[in-house]
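Chemist: Structure below; questions to follow.
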Amino acid sequence: MQSLLSLLITVIALILFQWLPSETNTCYALSIREARIQDLQTAFKQNQLTSRRLVQFYLNEIQRLNPILKGVIEVLTDALYLADKADTERKAKTRGSYSGLHGIPVLLKDNIASKDKLNTTAGSFALLGSVVPRDSGMVMKLRKAGAIIIGKASFERVG
């Protein structure tokens, strides 16, 4: 249940990023800021958008807005490489043979374990630099579905 809640919060955070104004949010006729995952997948299929352009858009938005919002703790340095890999996979596979999350960037809450270059600190400086033994179950499912983890987002602690 907690993993589902964490995923929901992450998706909501990505949606909130889409409501903020920017002059760089249009890719051809598609408004990235207002697009649903289904719209993005359609744009991928019609060669109107690539995962690299989508990830670069969100990295630019994070760079532009994070000094004000302070919502993203860390960005994965391999994000564009992973986007290029998703684009290559999409070109090599038969149409419709990949999941709906394939090539879609996501942010994880900082308390969700990911075995990559990102820290998993749950907001504690004491855990900075610690290495988790493996991806959490949710992260394994996201990676298997082809989602691109682009960073870690902060979260409010209750209590």
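The values are calculated or read from the model by the stated rules, or taken from the named source; none is laboratory data. Because the structure is predicted, anything quoted here is derived from the model rather than measured. Don't worry about glycine lacking a Cβ; one is built from the backbone with ideal geometry, like all the others, and counts go over all protein chains shown.
Chemist: Between a residue in region 41-61 that is farther than 25 Å from Ala153 by Cα and in contact (Cβ under 8 Å) with a residue 12 or more places away in the chain and any residue that is of a type in the set (Lys, Arg) and surrounded by fewer than 16 Cβ atoms within 10 Å (Cβ to Cβ), which pairs come within a Cβ distance under 9 Å, given they are 6 or more apart or on different chains?
Modeler: So the pair list comes out as Lys45/Arg95.
Chemist: Can you name the number of the only condition in (1) surrounded by 14 or more Cβ atoms within 10 Å (Cβ to Cβ); (2) free of Cβ contacts under 8 Å to residues at least 40 places away in the same chain; (3) more than 15 Å from the chain's Cα centre (by Cα) that Asp78 fails?
Modeler: (3) is the only condition that Asp78 fails.
Chemist: Output the number of the condition that Ser31 fails; it satisfies all remaining conditions of (1) more than 15 Å from Leu107 (Cβ to Cβ); (2) of a type outside the set (A, V, I, L, M); (3) at pLDDT 95 or above.
Modeler: Result: Ser31 passes all but (3).
Chemist: Let me ask something else about it. Considering every residue within region 84-98, establish whether at least one is in contact (Cβ under 8 Å) with a residue 12 or more places away in the chain, in contact with a Ser or Thr (Cβ under 8 Å, 6 or more places away or on another chain) and among the aromatic types (Phe, Trp, Tyr). Before you say what the answer is, go through the steps one by one.
Modeler: Residues of region 84-98 in contact (Cβ under 8 Å) with a residue 12 or more places away in the chain: 84, 86-87, 89-90, 95, 98.
Keeping just the survivors that are in contact with a Ser or Thr (Cβ under 8 Å, 6 or more places away or on another chain) gives 84, 86-87, 90.
Adding the requirement that they be among the aromatic types (Phe, Trp, Tyr) leaves none.
The answer is no, given that none of the residues of region 84-98 is in contact (Cβ under 8 Å) with a residue 12 or more places away in the chain, in contact with a Ser or Thr (Cβ under 8 Å, 6 or more places away or on another chain) and among the aromatic types (Phe, Trp, Tyr).
Chemist: Working only within region 128-159, note down all residues that are in a loop (DSSP other than H, G, I, E, B) and in contact with a strand residue (DSSP E or B) (Cβ under 7 Å, 6 or more places away or on another chain). Show your work before the answer.
Modeler: Filtering region 128-159 for residues in a loop (DSSP other than H, G, I, E, B) gives 128-136, 145-147, 154-159.
Scanning region 128-159 gives Ala147, Ser154, Phe155.
Chemist: Checking Leu49 against (1) in a loop (DSSP other than H, G, I, E, B); (2) among the hydrophobic types (A, V, I, L, M, F, W, C); (3) more than 24 Å from Leu30 (Cβ to Cβ), which single condition isn't satisfied?
Modeler: Only one criterion is unmet by Leu49, namely (3).
Chemist: Give the residue that is surrounded by the most Cβ atoms within 10 Å (Cβ to Cβ), with candidates limited to residues of region 86-127 that are touching a Gly at 6+ places or on another chain (Cβ under 9 Å) and part of a helix (DSSP H, G or I).
Modeler: My answer is Ala86.
Chemist: Looking at region 61-78, can you tell me whether even one residue there is among the hydrophobic types (A, V, I, L, M, F, W, C) and assigned to a loop (DSSP other than H, G, I, E, B)? Even if it seems obvious, please write down each step before you answer.
Modeler: In the first step, residues of region 61-78 are kept if they are among the hydrophobic types (A, V, I, L, M, F, W, C); the result is 62, 65, 68-69, 72-73, 75-76.
Remaining after also requiring assigned to a loop (DSSP other than H, G, I, E, B): 76.
Looking through region 61-78, at least one residue is among the hydrophobic types (A, V, I, L, M, F, W, C) and assigned to a loop (DSSP other than H, G, I, E, B).
Chemist: Moving on to the next point. Could you check region 76-131 and list, in sequence order, the residues that are among the small types (Gly, Ala, Ser), at pLDDT below 80 and either under 29 Å from Phe44 (Cβ atoms) or in contact with a helix residue (DSSP H, G or I) (Cβ under 7 Å, 6 or more places away or on another chain) (or both)?
Modeler: Within region 76-131, Gly96, Ser97 qualify.
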